[in-house]
Amino acid sequence: MMTPRDRTVLIVEDNEDNRIVYSTMLRHHGFRVCEALDGEEGIAKAHSERPDIILMDISIPLIDGWEVTQTLKREQATGHIPIIALTAHAMPGDRERAMEVGCDSYLAKPCEPRAVLAEVNRLLARPRAGA
Ligand code: MN
């Protein structure tokens, strides 16, 4: 049985307040957390940290969260990692776009930390394809 301590969450988010809120909450619940501040760092850390799940802000510098998600989902080393998209100012069509690029889930900001936690736990509890 995996415990949160064995689980790493990568938070890709350029807003410091959001990073602090989500990382504090996840660490409090026993997760290991790593952070990336822009799309390039997000791709790099998805490879170097091998997270179990990714929280992906969509509006981030350098490469937006849609493109980062699409890139990670196409790569063999990272394609299996569940990705939860977080979008501010949710627009019509965002949900469709999230599914199109391969996001496993989608949450509109502002998003309660407990809703994020519930979604992280839900996705980590899913049986992995091929596992
Ligand atoms: Mn942002």
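Rule-based calculations on the coordinates, nothing more; no lab input. Values in this document were obtained by computation on a predicted structure and should not be read as measured data. Please note: Cβ atoms are built from the backbone with ideal geometry, for glycine as well, and neighbour counts cover all protein chains shown.
Listing D57, D104, D6, D17 from the residue with the fewest other Cβ atoms within 10 Å to the one with the most, what is the order?
Working: D57 26, D104 19, D6 11, D17 8.
Sorted ascending by nearby Cβ count, the order is D17, D6, D104, D57.
Which shape class applies to the stretch 73-131: rounded if a/c is under 1.5, otherwise prolate when a/b exceeds b/c and oblate if not, where a ≥ b ≥ c are the square roots of the Cα gyration tensor eigenvalues? Here the stretch 73-131 falls in the oblate category.
A full extension of the chain between H47 and L123 corresponds to an added length of 25.4 nm, given 0.36 nm per residue minus the alpha carbon distance.
Close amide-amide hydrogen proximity is noted between E35 and I11, each under 5 Å apart and 5 or more residues distant or on a separate chain (H modeled in the peptide plane; Pro and chain starts excluded). Relative to the Cα centre, the charge distribution of the chain, modelled as +1 at Lys and Arg Cβ and -1 at Asp and Glu Cβ, gives a dipole magnitude of about 700 debye. In the stretch 4-125 the Cα-Cα distances spread across 10 Å bins starting at 0 as 14, 53, 31, 2 percent of all pairs. Summarising the label geometry, the points placed 7 Å from Cα in the beta-carbon direction at H28 and R95 lie 2.9 nm from one another. The residue list V12, I81, T69 was ranked by how far each Cα lies along the charge dipole of the stretch 4-125 toward its positive end, using unit charges on Cβ atoms, and I81 comes out on top.
Taking each DSSP H run with n ≥ 4 as -39500 (n - 2.57) and averaging over every residue of the chain yields -12000 deg cm²/dmol at 222 nm. Can you sort V12, V33 so the residue with the fewest Cβ neighbours within 10 Å comes first? By the 10 Å Cβ count, ascending: V33, V12. For the stretch 15-22, the Karplus equation 6.51 cos²θ - 1.76 cosθ + 1.60, evaluated at θ = phi - 60°, returns couplings of 8, 4, 4, 5, 4, 5, 4, 6 Hz by residue, with Gly and Pro reported as x.
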